[in-house]
Amino acid sequence: MIWAEARPAVKPSRPAPLPAGEGSRTGAGTVWDGIGSSMLPSIPPGSRLDLEPVGGRSESLAIGDVVVYLGSDSEFIAHRVVGIEDGPEGCVLVTRGDNQDRDDRVPASAAAFKVLRVSRGRITYSTDGPIGKTVARLAVRGGLSWRAFRRIATRALRLTSRCTTWRWA
């Protein structure tokens, strides 16, 4: 018999509100099980994201924050803010996935949530804590140190995923 850790393969269409009472314990009011590799290595696929509603208020966002916004194909996207610009139609967020080289320009009014906490298995970190701030600085700056960090973290994730698969004979 073979047993492997099961994960749902269905991409959630919308971030979901937390059950009553749980939001006050985590400091967030919404969770989202992120699927995709654009934010590797800082947010691995299948991570649980605790979110805070932003409601398009750009003054509550800063460079390095991870925001969730509705993309052009009507799916929610989580990317890091790498720049904030003033455009003719108002404030524009320059976002990028940590695992990507291309920037996206998104109106600040499209930002629906800010990521407060990332959880994957037994590992949890706050985006405002020391780990989150260090990852944000490396990701925004990019360059050699970020590429090295990406390689090391990706290899560690592969090793971890091998360790979570069990085979029973």
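The values are calculated or read from the model by the stated rules, or taken from the named source; none is laboratory data. Treat the numbers as computed from the prediction; the structure is a model and nothing was measured. As a convention, Cβ positions derive from the backbone with ideal geometry for all residues, glycine included, and neighbour counts pool all protein chains shown.
Each row is one residue, and each column tells you yes or no for (1) loosely packed, with under 13 Cβ neighbours inside 10 Å; (2) at pLDDT 80 or above.
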| residue | (1), (2) |
| --- | --- |
| LYS114 | no, yes |
| SER119 | no, yes |
| THR124 | no, yes |
| GLY132 | no, yes |
| VAL135 | no, yes |
| GLY142 | no, no |
| ALA148 | yes, no |
| THR154 | no, no |
| ARG158 | yes, no |
Given (1) in contact with a Ser or Thr (Cβ under 7 Å, 6 or more places away or on another chain); (2) at pLDDT 85 or above; (3) among the aliphatic types (A, V, I, L, M); (4) closer than 22 Å to PRO41 by Cβ, index of the condition VAL68 fails: (1)
Residue count, segment 30-43 (criterion: touching a helix residue (DSSP H, G or I) at 6+ places or on another chain (Cβ under 7 Å) and either assigned to a strand (DSSP E or B) or crowded, with 21+ Cβ neighbours inside 10 Å (or both)): 1
Tally of residues being charged (D, E, K, R) and either closer than 20 Å to GLY132 by Cα or in contact (Cβ under 8 Å) with a residue 24 or more places away in the chain (or both) across segment 64-100: 5
Matching residues, segment 28-60, being under 11 Å from VAL115 (Cβ atoms), touching a strand residue (DSSP E or B) at 6+ places or on another chain (Cβ under 7 Å) and either at pLDDT 80 or above or β-branched (Val, Ile, Thr) (or both): THR30, VAL31, TRP32, MET39, ILE43, SER47, ARG48, LEU49, ASP50, LEU51, GLU52, VAL54
Spot the failing condition for SER126; the list is (1) over 19 Å from SER38 (Cβ atoms); (2) within 14 Å of the chain's Cα centre (by Cα); (3) in contact (Cβ under 8 Å) with a residue 24 or more places away in the chain, and only one is missed. (3)
Name the single residue, out of those in segment 48-73 being among the hydrophobic types (A, V, I, L, M, F, W, C) and part of a strand (DSSP E or B), that is surrounded by the most Cβ atoms within 10 Å (Cβ to Cβ). VAL66
Can you tell me which residues in segment 74-109 are closer than 19 Å to THR30 by Cβ and surrounded by fewer than 16 Cβ atoms within 10 Å (Cβ to Cβ)? SER74, GLU75
